[in-house]
Structure formats: C-alpha cells, structure tokens
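Below is one structure, written out as structure tokens; the observations come after it.
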Amino acid sequence: MKKSQVRIITLLLFCCWLGVACKKSHSGFTPSLSFETTNDSSQTSVAIHFPSVTVAVQEVDTLHTTTIFGQYSDTSTLVGGISIHVIGDTTATYKGNGILATYTDGLGNTYNSFGDSTDVVTITAFSKADEGEVTGSFSLTVTGPAGTLTINDGSFIAGFLD
C-alpha cells in the first residue's frame, strides 16, 4: 500500500509540473482529450472534454512510463483532470496492471485505477519530437469516494513534451 501511495503522490506532483510547464502552442492539431464516464451505482453518464493535453515520458519508481495528462485551461472556472500512466513509450496497446490512472471530477473527488483487467490504453501515433503529435484511445475503471466510475470512449490528441 505504501508503494502505491508513493506512486500516487509522484503522479500528482508530475501532473502539477506538467500544468505549469506546458504553455507552448501546438502546430497542425488541436489538443483534446475526451471520454464518457458512467457512475456504476446510479448509471448516470457524463461526457467530459479537456482542452489542455500533454504527453511526456518519465520514470516512476524504476518504471519507464508515458504519462497522458488532460485538464481544463488555466482561465477556465471548471475543475478536474485526468492522468494516465502506461508502462512503455511507444505505439502499442497497454492493458490491466500496465496502467495507472487518476481522475479528479468537477467536485474534487479523486478516483484511481487498480489494474483492472478491463483497463486498456492504445497509443496509435507517437512522435517524440518536441510538440510532436501523440494520439490514442482508452477505457478505464476507476474507484473513489463517490463509488466506481467506468470511463469509456476515451480519445486523445496531444503534443509530446520533450
């Protein structure tokens, strides 16, 4: 459990750093990360769209990972964000315990993935040039204080943070 807490704290600190560090303009594409979330207990479904998205490669503990980070713009009054770590740094499909995701909803509730076998992230394009285009899709199950959420039909296009 302690190792999990260290990873989550590292992840949150990295997310804060990304939010401050990523102020460059993207060329040729508009960054976007969107998905639909369903509360498993109430079956309430909500569409989420984050216009500020970054992808970076980093070390978490001893793992070489790719982080996909989505949030609202600094000028937005909306709150929330998502950070998805996958073990690896290339185009591929990542599944289960190769994924660590943290989602914060508009009420400030934080949800975490636990390597559920249904968790899938597919990176379809991965340009490692500064601000290069990275695209993909995802579906996740995350658990937090308000219950379990299913995140479906997720997609992203982002600039690589070199």
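Bear in mind that the values in this text are calculations on the coordinates, not laboratory data. If you're wondering where the values come from, they're calculated on a predicted model, not measured in any experiment. Cβ: placed from backbone, ideal geometry, glycine included. Neighbour counts: every protein chain shown.
Ranking of Lys128, Lys95 by neighbouring Cβ atoms within 10 Å, starting from the fewest: Lys128, Lys95. With K and R counted +1 and D and E -1, the other residues having a Cβ less than 12 Å from that of Gly28 yield a net charge of -2. Karplus-based coupling profile of the stretch 70-79, in residue order and whole Hz: x, 7, 7, 5, 4, 8, 7, 8, 6, 10, with θ = phi - 60° in 6.51 cos²θ - 1.76 cosθ + 1.60 and x standing for Gly or Pro. Count Lys and Arg as plus one, Asp and Glu as minus one, and take only other residues whose Cβ is under 10 Å from that of Phe138; the net charge is then -2.
The HN-Hα couplings worked out from phi for the stretch 135-150 by the Karplus form 6.51 cos²θ - 1.76 cosθ + 1.60 (θ = phi - 60°) are 10, x, 9, 7, 8, 9, 10, 10, 10, x, x, 9, x, 9, 10, 9 Hz, whole numbers, x standing for Gly and Pro. Across the stretch 112-162, C-alpha contacts under 8 Å between residues 6 or more apart give a mean separation that, scaled by the residue count, equals a relative contact order of 37 percent.
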